[in-house]
Every structure is written in C-alpha cells, then in structure tokens.
Amino acid sequence: MIGIGIQLAGSIVGILVLYGLAVRLGLGGDPRIRDEAMARRLAADAIDGFAARELVIDRAGIGALLRDDRGQVLLLRRHGARFAARLLDSHAGLRLDRNFLTITTPDRHFGTVTLDLGPQAQIWAGSFRRLGAA
C-alpha cells in the first residue's frame, strides 16, 4: 500500500514538473491579439523599426494587417503558440469574400491565412492594389 502511495506521489510531482516546464517555455495556450498596442508590439518585434500607421485586427484575434508610413503592409498570424509576420509585396494571392480576406504568401511555410476583418476587409483589399507599384 505504501508503494502505491509513493508511485502516486511521484507521478503527481512528475506531472507538475512537466506542467511548469511547458508554462516556462510558453507552450500551449490560445494566443490572441487583444488590442492595437499588442499588434504594434508584435510588429515591432518582428521587423525592427516597423511603426504601424494603420492596422486592422481579425475579429478572433488570430491575425492582423498593419501599414507603415512607407506603405509597407505587414501580415501577422498566429503560428502555434506564437505569432509570425511577413511583409507583403503584392496583391497576388489575395481573395476577398465579404468580410473575409484570404492571403496566400509565396512562402509555403507561412501558408494561407483567412482574416475576418468585418467591413474593413473591403477597404484593405482595395488598398493592396498599390503594393508592388513602382
């Protein structure tokens, strides 16, 4: 009976150690972009010196589009428990469906993301025509 109690206690300690390690490494969870300040911070962390002038956040917080003073557009998207970012240089791979904007980047590892931008989807889709223009 004592052996079973020791095994149980050891198992519980092991589970707690693994949980603590996962928390410390930032694994798991459901990260969301909560507000404009967080989106700006993520963009600045991804690309040094990127200062967003305009931005729109997906309604679920899984991604965002940000534009700086030079007209560069940065796409943020959730990638596991973190966020990834890519500068967009053309409107190729862009599809608008009412309030949803689907963006496919040339980087196959980044993949395709569909953002629910509400009424802002049409405005942002139209502004992408300026990307890549000389």
Quiz item: Got a sec? Which strands (runs of 3 or more DSSP E) wholly within region 72-127 have at least 3 residues that are more than 18 Å from the chain's Cα centre (by Cα) and under 18 Å from R59 (Cα atoms)?
Solution: 94-97
Exercise. Enumerate the pairs (first residue in region 36-55 and under 22 Å from I123 (Cα atoms); second residue anywhere and among the aliphatic types (A, V, I, L, M) and part of a helix (DSSP H, G or I)) with beta-carbon separation below 6 Å, excluding pairs fewer than 6 apart on the same chain, so at least 6 apart or on different chains.
Key: F50/A43; F50/A44; A52/A43; L55/A39
Quiz prompt | From A64, A43, A52, residue being surrounded by 17 or more Cβ atoms within 10 Å (Cβ to Cβ), within 16 Å of L115 (Cα to Cα) and in contact with a Leu (Cβ under 9 Å, 6 or more places away or on another chain) | solution = A64
Quiz prompt | Selected residue [modelled with pLDDT of 95 or more and aliphatic (A, V, I, L, M)] from L16, L25, L55 | solution = L55
Quiz item: For region 33-46, which residues satisfy the criterion of being touching an Asp or Glu at 6+ places or on another chain (Cβ under 9 Å) and outside any helix (DSSP H, G or I)?
Solution: I33
Quiz item: Can you tell which of R82, R59 is in contact with a strand residue (DSSP E or B) (Cβ under 8 Å, 6 or more places away or on another chain), surrounded by fewer than 16 Cβ atoms within 10 Å (Cβ to Cβ) and outside the structural domain of V17 (by TED's automatic domain parsing)?
Solution: R59
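The values are calculated or read from the model by the stated rules, or taken from the named source; none is laboratory data. Only a predicted model underlies this, so the values are computations on that prediction, with no experimental measurement involved. Quick reminder, even Gly has a Cβ in these numbers, built from the backbone with ideal geometry, and neighbours come from all protein chains shown.
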